[in-house]
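Step one of this worksheet: look at the structure below.
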Amino acid sequence: MAVDEEAGRPTWSRQIEFTLAGIGCAVGLGNIWRFPYLCYRSGGGAFLVPYLLMLVVLGIPLLHMELTLGQYLRRGPVLALAKACPLLKGVGMATVAISFIMCTYYNIIITWALYYMFSSFQSELLWENCNNTWNTANCSDRASNSSSSSTASQQFFNLKVLERTSGVEETGVLRWELFLLLLLAWILVYLCIFKGVKSTGKVVYFTALFPYVILLALLINNVQLPGAIDGIRFFIIPEWDKLLNVEVWINAAAQIFNSIGIGFGSLMAMSSYNNFNNNVLKDTLAICITNSLTSIFAGFVIFSAFGYMSHLQNVPVSEIAVDGPGLVFVVYPQAFVTMPVAPLWAVLFFFMLLCLGLDSQFAMVEVMVTSLLDSYSKPILKYLKRKEFVVLIVCGAAFLMGIPNVMQVGIYVFQLMDHYTAIVSIMFLAFFEVIGVCWLYGVNRLSSNLIEMTGKRPNIFFRVCWWVICPVLITVILVFSVIQFKPARYEDYVYPPWAQAVGWLIALASIIWIPLAAVHTLWVLPGSFAQKLKKSITPFSLDEDSESPYYQQKGAIMEVIPNIAIISSDYKTPIQTNL
């Protein structure tokens, strides 16, 4: 079935813009924070083995699949998946839900980055020594013979920034400093979307290269520190017995999906603005390889700092008490104090985190904004009149939902939401997307689409991955992740059963759209149940039945056309996307 390019549909003015925007989408805080954190939790070098394997057999083939589908169908994730497999159109809706849930707690990282950045504007960093009111007797700012000591940066994060409680059962009070910084973070996000930053090519190159300059400077400094080589060994030398742990493989797959953006729909929507004859394979390889190299580069930076911390605390690298986002706000700052002009490097590093965080954050917000406007623009604009007010309401709602994260219990709330959203939910989304596209839409049809666009058939590696390896591997990972499910934890703290139940409700908030949309499809299609079922797994069946109630209920499923998903929203692309 040929798909004509829409009249008037915008395309990238230069193809390099899509590649850069795709890299900007994939490379973010996840590379600086989540990759090293999952790598450390999974045993260091043992994590690299499944990570690189997942990159080759899942990451690259599935991104190639998403870009092909988006470019061929000229649609964002909701309508593209509705066309490819009407029964599983809910996967596209779930991507909207998961993006909104993530944006409610993701902004907390930006809040912490702002706190650290403002705290760095002084001649001596606050975590440089143990002579502060919040420090305890076991604080250490130099090499210690005591294995029970904790570093100055650990105590600054836990006792000063978070003032954290002993667990989720003890909520504590609101941290007003963090509350106001969270408000500032949301104001920045709102202005990014409201103003629509029209960036020049020079800004693109700055935002793309700036993080590498900072990370390189840190690496050069860190490798000269005592103990650094121990941390690097932990990072690159696998403990092979760790590979028998299913959690390591699940974390590796989840990191590939989260970092590249598979299952979130953003890159699929971005590719829908490509020239119809663009070679998506080049873009796929550029995005995936750059993303993974950045993660590994960041790994060397942070694990060399880990080695230095283990030297200070006189404990093995594997026993340093850091977890989750604390890794970024404990280990990196500990390295700054050893650098000349430490406050300057600290300000630049946290400014880098701010840029990386905002880039991803306002993109996730725009997923929700644009989907609302695409689906219900007439009733919404009838009352609110302007898009800016819709953005304000979405940002306001997400801000209010994020307030528990800036209470003293906040770090536990953050970790719970991140575990059930970024690891549990994304595995279900990826599973249904792969089944819908690889098996129901079909590898042959996908190959034909590529031939029509580029004149080249995908090689045997991609066809085998799409047909067998990806569906089977994701199914196995999903089954084992359910059978051997490990509840969320933070450092040595394990969440109580009621908190785990709340976590599953958070996961269900995005997953539930898949069965609901399947029921909706079967409901609106004409014929007997058997006819409905057959049509629901037949690509383009909703298009063919133009009299179907589906087209009389447009509000139920409309395309998410991200001026979002051009993930930097105007940030990395000059084209107009407010269609």
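The values are calculated or read from the model by the stated rules, or taken from the named source; none is laboratory data. It should be emphasised that the depicted structure is a prediction, and the values quoted were computed from it without experimental measurement. No Cβ is skipped: glycine too gets one built from the backbone with ideal geometry, and neighbour counts run over all protein chains shown. Ligands, DNA and RNA are excluded from the accessible area calculation, which covers all protein heavy atoms including side chains. Shrake-Rupley method; radii C 1.70, N 1.55, O 1.52, S 1.80 Å.
Conditions tested, residue by residue: (1) in contact with a Lys or Arg (Cβ under 8 Å, 6 or more places away or on another chain); (2) of a type in the set (Lys, Arg); (3) outside any helix (DSSP H, G or I); (4) at negative phi.
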{"position": "Asn31", "(1), (2), (3), (4)": "no, no, no, yes"}
{"position": "Gly43", "(1), (2), (3), (4)": "yes, no, yes, no"}
{"position": "Val57", "(1), (2), (3), (4)": "no, no, no, yes"}
{"position": "His64", "(1), (2), (3), (4)": "no, no, no, yes"}
{"position": "Val78", "(1), (2), (3), (4)": "yes, no, no, yes"}
{"position": "Lys83", "(1), (2), (3), (4)": "yes, yes, no, yes"}
{"position": "Gly92", "(1), (2), (3), (4)": "no, no, no, yes"}
{"position": "Val96", "(1), (2), (3), (4)": "no, no, no, yes"}
{"position": "Ile108", "(1), (2), (3), (4)": "no, no, no, yes"}
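Taking the criterion of being modelled with pLDDT of 80 or more and either hydrophobic (A, V, I, L, M, F, W, C) or open to solvent by less than 10 Å² (accessible area, probe 1.4 Å) (or both), the residues of the stretch 315-330 that qualify are Val315, Val317, Val328, Phe329, Val330.
Between Ser447, Ser360, Ser425, the distinction of being more than 29 Å from Glu491 (Cβ to Cβ), of a type in the set (Gly, Ala, Ser) and either surrounded by fewer than 19 Cβ atoms within 10 Å (Cβ to Cβ) or out of contact with any His (no Cβ under 8 Å at 6 or more places or on another chain) (or both) belongs to Ser447 only.
Yes or no, residue by residue, for (1) touching a residue at least 24 places away in the same chain (Cβ under 8 Å); (2) open to solvent by less than 40 Å² (accessible area, probe 1.4 Å); (3) more than 30 Å from the chain's Cα centre (by Cα):
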site: Tyr106; (1), (2), (3): yes, yes, no
site: Leu114; (1), (2), (3): yes, yes, no
site: Ser120; (1), (2), (3): yes, yes, no
site: Ser123; (1), (2), (3): yes, no, yes
site: Thr151; (1), (2), (3): yes, yes, no
site: Gln154; (1), (2), (3): yes, yes, no
site: Leu159; (1), (2), (3): yes, no, no
site: Glu170; (1), (2), (3): yes, no, no
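Those helices (runs of 4 or more DSSP H) of the stretch 313-418 in which at least 3 residues are in contact (Cβ under 8 Å) with a residue 12 or more places away in the chain and more than 17 Å from Phe100 (Cβ to Cβ), considering only elements entirely within it, cover 326-336, 342-384, 410-418.
A quick yes/no check of all residues on (1) over 30 Å from Arg445 (Cα atoms); (2) modelled with pLDDT of 85 or more; (3) charged (D, E, K, R):
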site	(1), (2), (3)
Val479	no, yes, no
Gln484	yes, no, no
Tyr493	yes, yes, no
Leu508	yes, yes, no
Ile511	no, yes, no
Ser528	no, yes, no
Thr538	no, yes, no
Ser541	no, no, no
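In the stretch 490-536, what residues are within 16 Å of Leu81 (Cα to Cα), of a type in the set (Val, Ile, Thr) and open to solvent by less than 70 Å² (accessible area, probe 1.4 Å)? Scanning the stretch 490-536 gives Ile511, Ile514, Thr521. Is it true that Val337 is farther than 30 Å from Cys192 by Cβ, at pLDDT below 85 and either open to solvent by 30 Å² or more (accessible area, probe 1.4 Å) or in contact with an Asp or Glu (Cβ under 8 Å, 6 or more places away or on another chain) (or both)? Taking the combined requirement at face value, the residue satisfies it. Among residues of the stretch 428-440 being touching a residue at least 60 places away in the same chain (Cβ under 8 Å) and over 19 Å from Ile460 (Cβ atoms), the one that is surrounded by the fewest Cβ atoms within 10 Å (Cβ to Cβ) is Leu440. Cβ-Cβ contacts under 6 Å between residues 6 or more apart (or on different chains), taken from a first residue in the stretch 46-70 that is over 17 Å from Asn275 (Cα atoms) to a second residue that is of a type in the set (D, E, K, R) and open to solvent by 10 Å² or more (accessible area, probe 1.4 Å), are listed as Ala46/Glu239; Ala46/Lys242. The residue pairs whose first member lies in the stretch 208-227 and is in a helix (DSSP H, G or I), whose second member is surrounded by fewer than 14 Cβ atoms within 10 Å (Cβ to Cβ) and at pLDDT below 85, and whose beta carbons are closer than 9 Å, counting only pairs six or more residues apart or on different chains, are Asn221/Pro340.
Restricting Asn278, Asn258 to those that are in a helix (DSSP H, G or I) and in contact (Cβ under 8 Å) with a residue 40 or more places away in the chain reduces the list to Asn258.
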